[in-house]
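Report on the structure given below.
The values are calculated or read from the model by the stated rules, or taken from the named source; none is laboratory data. This structure is a prediction, so every number in the text was calculated from the model and none was measured. Ideal geometry is used to build each Cβ from the backbone, glycine not excepted, and the neighbour counts take in all protein chains shown.
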Amino acid sequence: MANKQFDVIVVGGGPGGYIAAIRAAQLGFNTACVDEWKNAKGGPALGGTCTNIGCIPSKALLQSSEHYEQAGHTFADHGINVSGLSLDIGKMMARKDQVVKQNNDGITYLFKKNKITSFHGRASFVKTDETGYELKVVGSAGEEAISGKHIIVATGSNARALPGTPFDEENILSNDGALRVGAVPKKLGLIGSGVIGLEMGSVWRRLGAEVTVLEALPIFLGAVDEQIAKEAKKAFDKQGLKIELGVKVGEIKTGKKGVSVAWTNAKGEAQTLDVDKLIVSIGRVPNTIGLNVEAVGLKLDERGAIAVDDECKTNLPNVWAIGDVVRGPMLAHKAEEEGVAVAERIAGQHGHVNFNTVPWVIYTHPEIAWVGQTEQQLKAEGRAYKAGTFPFLANGRARALGDTTGMVKFLADATTDEILGVHMVGPQVSELISEAVVAMEFKASSEDIARICHAHPSLSEATKEAALAVEKRTLNF
Ligand code: NAI
């Protein structure tokens, strides 16, 4: 092959792909990464969905909207009176865009630092021979053929649309449009009360929208520990986030006045929801668009994801796939771990990902975070377990913060005391969950955590106390 040759070509520059490229380069491979994302000026915008229209911009808006809510509602409790509070949504969005750009630029810098060749365009498989795989890149520099001995596919996922209701990003919004609304809608509807539904619902409610979430499942946050989900639901109800469970969404009409959603409630009664904007957040589908998998015989599974084994090996030799485009949770950090592990496997090392200790976080207020098994999973398995909970209401730091909603919950094996799951709802639990992940990774017992010195006053004391609660010996409750 006379094309530009690489040891490793990574297709996709999201958190899975760019991290895989960096690790491959660190291991001494001549590495390229192909990514087609364009910024507002048409230039490259490395970082994928997470950086451009996902994790990063949503966290920027969650922070801004939280400041706004606090200034309007909770500053007064601290003796700080604000008058003339107003919202400059344009500035808020510009700040969010700047945060995204800083992250894009950071990855460009990391590619240069690690001598990774970056191609801006869409890659597709052309053919394979004994030396590797040929890919075609179509993009800003025209069309180019490149060849790689190893290919890592990290093409991510796209928002799932409701059948017959495509996203127009004007009235019917995906996660993309939901982050670019130019004025606060008076009424906002969301279909699906999953992670995106709750995070985006929170942003726009805090900024003043009347938010209604329509969820098909009869239970709230089915994957979350039931006790934690109930506590979170109470908090969201109090905030005025209207969540309807067990609904069936019918016809959706868009017009000049906005969007009209016909739906049936849990009792089977016909309802209509009229909103200015509708966000559809009903999950995501693996993205293999334009990859031309047929050219080389790369196999997909029944969901349209690239079929891989536990080690991210596809059916083709030296072709690997990671992140949202394969099985498993669609989480940036899961993709990153897979990217590192694959690069290490290519180098003949023993890359490893422990799926049981992948943490989950929902960045609402209160935040929700967990790792390991839920109480309902342990019950279904028939596993004997002990549980311990500790409320933030009894934590000094939480009281000082004025943020006492929620709890930490430990689940440990009844005999060995090994931690099986840790579940949290409350302030800054996105950070607190790391301690639980480390503990589970080291196969710690709840007693191990209970015996560790935690700084006082800190929210992390709630973690220690919940571990103490497993043996019914909390000190502060
Ligand atoms: P999701 O899977 O979290 O939630 C989708 C929800 O929509 C479910 O509750 C489901 O029951 C409901 N649903 C499905 N079809 C429906 C219908 N026809 N009518 C009403 N409800 C329906 O998906 P989401 O929120 O779209 O997020 C997509 C992915 O992005 C997730 O896998 C998530 O892990 C990831 N993500 C992660 C974030 C984080 O880690 N903080 C933030 C945002 C997204």
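Every condition in (1) away from the ligand (no atom under 16 Å from the Cβ); (2) outside the structural domain of residue 311 (by TED's automatic domain parsing); (3) out of contact with any Leu (no Cβ under 7 Å at 6 or more places or on another chain) is met by residue 387 except one, and the failing one is (3).
Residues in segment 347-379 that are among the hydrophobic types (A, V, I, L, M, F, W, C) and either within 16 Å of the ligand (Cβ to nearest atom) or in contact with a Leu (Cβ under 9 Å, 6 or more places away or on another chain) (or both): 347, 355, 358, 360, 361, 362, 368, 369, 370, 371, 378.
Here is a check on your reading of the model: is residue 262 modelled with pLDDT of 95 or more and either touching a helix residue (DSSP H, G or I) at 6+ places or on another chain (Cβ under 7 Å) or away from the ligand (no atom under 16 Å from the Cβ) (or both)? When the stated conditions are applied, residue 262 does not pass them.
Looking only at residues of segment 303-346 that are part of a loop (DSSP other than H, G, I, E, B) and more than 23 Å from the chain's Cα centre (by Cα), we find that the one that is nearest to the ligand (Cβ to nearest atom) is 314. Regarding residue 90, is this residue over 27 Å from residue 336 (Cβ atoms) and not assigned by TED's automatic domain parsing to the domain that holds residue 15? So residue 90 fails the test. One residue stands out in segment 292-302 among those that are assigned to a loop (DSSP other than H, G, I, E, B) and touching a strand residue (DSSP E or B) at 6+ places or on another chain (Cβ under 8 Å): the one that is farthest from residue 163 (Cα to Cα), namely 296.
Taking the criterion of being in contact (Cβ under 8 Å) with a residue 24 or more places away in the chain, away from the ligand (no atom under 14 Å from the Cβ) and more than 17 Å from residue 167 (Cβ to Cβ), the residues of segment 265-291 that qualify are 274, 288, 290, 291. Close Cβ contacts (under 6 Å, 6 or more residues apart or on different chains) running from residues in segment 194-209 that are under 17 Å from residue 182 (Cα atoms) to residues that are away from the ligand (no atom under 16 Å from the Cβ) and among the hydrophobic types (A, V, I, L, M, F, W, C) comprise 207/184; 208/184; 209/184.
Rundown of residues vs (1) buried (at least 18 other Cβ atoms within 10 Å of the Cβ); (2) in contact with a Leu (Cβ under 6 Å, 6 or more places away or on another chain); (3) among the aliphatic types (A, V, I, L, M), yes/no style:
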| residue | (1), (2), (3) |
| --- | --- |
| 97 | no, no, no |
| 107 | yes, yes, yes |
| 114 | no, no, no |
| 128 | yes, no, no |
| 133 | yes, no, no |
| 138 | no, no, yes |
| 141 | no, no, yes |
| 152 | yes, no, yes |
| 170 | no, no, no |
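The residues on offer are 49, 117, 74, and the sole one that is out of contact with any helix residue (DSSP H, G or I) (no Cβ under 9 Å at 6 or more places or on another chain) and hydroxyl-bearing (Ser, Thr, Tyr) is 74.
The helices (runs of 4 or more DSSP H) found wholly in segment 163-259 and carrying at least 3 residues that are away from the ligand (no atom under 16 Å from the Cβ) occupy 226-239. Criterion first (in a loop (DSSP other than H, G, I, E, B), touching a residue at least 24 places away in the same chain (Cβ under 8 Å) and crowded, with 16+ Cβ neighbours inside 10 Å) does residue 46 satisfy it? For residue 46, the condition - in a loop (DSSP other than H, G, I, E, B), touching a residue at least 24 places away in the same chain (Cβ under 8 Å) and crowded, with 16+ Cβ neighbours inside 10 Å - is met.
Take the conditions (1) over 26 Å from residue 55 (Cα atoms); (2) modelled with pLDDT of 95 or more; residue 129 misses just one of them, which is (2). Which of (1) small (Gly, Ala, Ser); (2) surrounded by fewer than 20 Cβ atoms within 10 Å (Cβ to Cβ); (3) closer than 30 Å to residue 69 by Cβ does residue 466 not meet, given it meets every other one? It is condition (2) that residue 466 fails. Can you spot a residue in segment 264-278 that is surrounded by 12 or more Cβ atoms within 10 Å (Cβ to Cβ), closer than 30 Å to residue 328 by Cβ and under 27 Å from the mean Cα position of the chain (by Cα)? Yes, because at least one residue in segment 264-278 is surrounded by 12 or more Cβ atoms within 10 Å (Cβ to Cβ), closer than 30 Å to residue 328 by Cβ and under 27 Å from the mean Cα position of the chain (by Cα). Summed over segment 121-142, residues that are without any contact (Cβ under 8 Å) to a residue 12 or more places away in the chain and assigned to a strand (DSSP E or B) total 1. When restricted to residues that are in contact with a Pro (Cβ under 8 Å, 6 or more places away or on another chain), without any contact (Cβ under 8 Å) to a residue 60 or more places away in the chain, closer than 25 Å to residue 361 by Cβ and of a type in the set (Gly, Ala, Ser), segment 296-329 contains 1.
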